[in-house]
Amino acid sequence: MFHKNRDHCRHSGHLFHLRTVQRQHQAMHRAMLIKAPVVPSGVRYVSRSSREIESMIRVNHAGELGADRIYAGQMAVLGRTSVGPLIQHMWEQEKEHKAKFEDLINNYRVRPTALVPIWNVAGFVLGAGSALLGPKAAMACTVAVESVIVDHYNDQIRTLMSDQEANKELLQVIQKFRDDEQEHHDAGLGHGAEQTPFYKIFTEGIKLGCKAAIAISKVV
Amino acid sequence: GEEDNTNEKEYKIKYKILEASLPFVQEHGWTKNAISEGARTVGYPGTAHGLFPRGGAELVQYFYVICNQQLAQTLKKETEAADPSKCKEPALFIQGAVEKRLRMIIPYIGMWPQALVIMSLPPNVPPALANLLTLVDDICYYAGDRSVDFSWYSRRVALAGIYKMTELYMIQDKSADFEETWHFLGRRIEDVSQL
């Protein structure tokens, strides 16, 4: 049941080399960015990338920022236990994801989410709070968050697939990250997340919170 | 597809007319009359002003947008051509950029108060704010700001404030080549740098 997301929209699962492609695309994008955008008279916004792309990058950055803080919170409580190294490993990957989206924000000239301070606090509280309930609860929190994020990335991939050429860079990035998040999700399950008391309610509650945060950061 | 092509054609025509209307602003103000005159010079009938339901506001908006784009291109060239060892200090860069942008208004300065009034009417406020945000974002970006957190907002809001104040100062400045305005701008930037 938890693996259903994998089969949708999976491109040939090759790992692409971020750096060379990134450099080429940075050069190309800087050239494209200044191209005069078409300005319909009544439009509210003169933007450099389309509104959808901008919103995607903004919400993804907010998500990775939240994930970074969640793992930080979990490490603060469980850092010295047996699950410490696993959480550390997942945390390192989230930091990479966050850095990548920060790059994209600058390249695509995207307005970052205004709620950065709030997501920072909320993420840490969620991480530390779930960790205080025990290592299995921390894993359950990870499972909940990662499953929402995987669905979210899959939705974005579906949207971006409508123009694979133009959205190549973004597609590759999101696909790779989606695979990473799926790994975290499976790792969480493998470490006894489902044995948490009140697992269903706990995870549903966290999922709801994540979906709300995603909806908000798409706009704000 | 085809709809995109028709839309693009429509925009091209609109821009052609608006561009041709700018020289008539001094005489007619930011109004439908200026647009009519402009339309006639590029071969469209005077009634072409009907393409622009918001009348003069669309002319102001067009002018603002092309000035912003010109500024962005200039700033981009400046930062690319710049010798890394002689990189301009951000405050100086920003001051220069704001001055450049305000100088673009000088040919229309007589009618600029009217433009400001038009852009503060409720239906025109959203595009006006969007234009201002694009402008300060471009300036901050080329001055070197790569922040992705809340300071992204605080810097741009501060710069927008400075820009607006200087703009308002400029429309009542009678000094030669608007010297007083540039001094005013320098002082405002100094104020903010001290924060």
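Some notes on this structure:
- Each Lys or Arg adds one and each Asp or Glu takes one away; over the other residues whose Cβ falls under 11 Å from the Cβ of B:E58, this sums to +3.
- Whether the stretch B:104-182 is rounded, prolate or oblate, judged on the alpha carbon gyration tensor where a/c under 1.5 counts as rounded: oblate
- Relative to its Kirkwood radius, the Cα radius of gyration of the protein assembly as shown gives an Rg/Rh of 1.05.
- Ratio of the Cα radius of gyration of the stretch B:56-194 to 2.2 N^0.38 Å, where N counts its residues: 1.05
- Other residues lying with their Cβ under 12 Å from the Cβ of B:C140 contribute a combined charge of +2, Lys and Arg counting +1, Asp and Glu -1.
- Given charges at beta-carbon only (K, R positive; D, E negative), |dipole| of the protein assembly as shown in Debye: 160
- For chain B, calculated [θ]222 nm from helices alone, where every DSSP H run of n ≥ 4 adds -39500 (n - 2.57): -23000 deg cm²/dmol
- Euclidean distance between Cα centres, the stretch A:149-173 to the stretch B:128-175, Å: 33
- Working from label points 7 Å from Cα in the Cα-to-Cβ sense, the B:I109 to B:V157 distance is 3.2 nm.
- Its residue count N sets the reference 2.2 N^0.38 Å, and the alpha-carbon radius of gyration of the stretch B:1-53 equals 1.18 times that reference.
- nm² value of the averaged projected area, convex hull over the Cα atoms of the stretch B:46-111: 6.1
- Karplus-derived 3J(HN,Hα), 6.51/-1.76/1.60, for each residue of the stretch A:66-73, Hz, glycine and proline x: x, 4, 4, 5, 4, 5, 4, x
- Cα shape, the stretch B:1-110, gyration tensor, a/c 1.5 rule: oblate
Bear in mind that the values in this text are calculations on the coordinates, not laboratory data. Small disclaimer: the values here were computed from a predicted structure and weren't measured. Cβ coordinates were reconstructed from backbone atoms using ideal geometry, including for glycine residues, and neighbour counts include every protein chain displayed.
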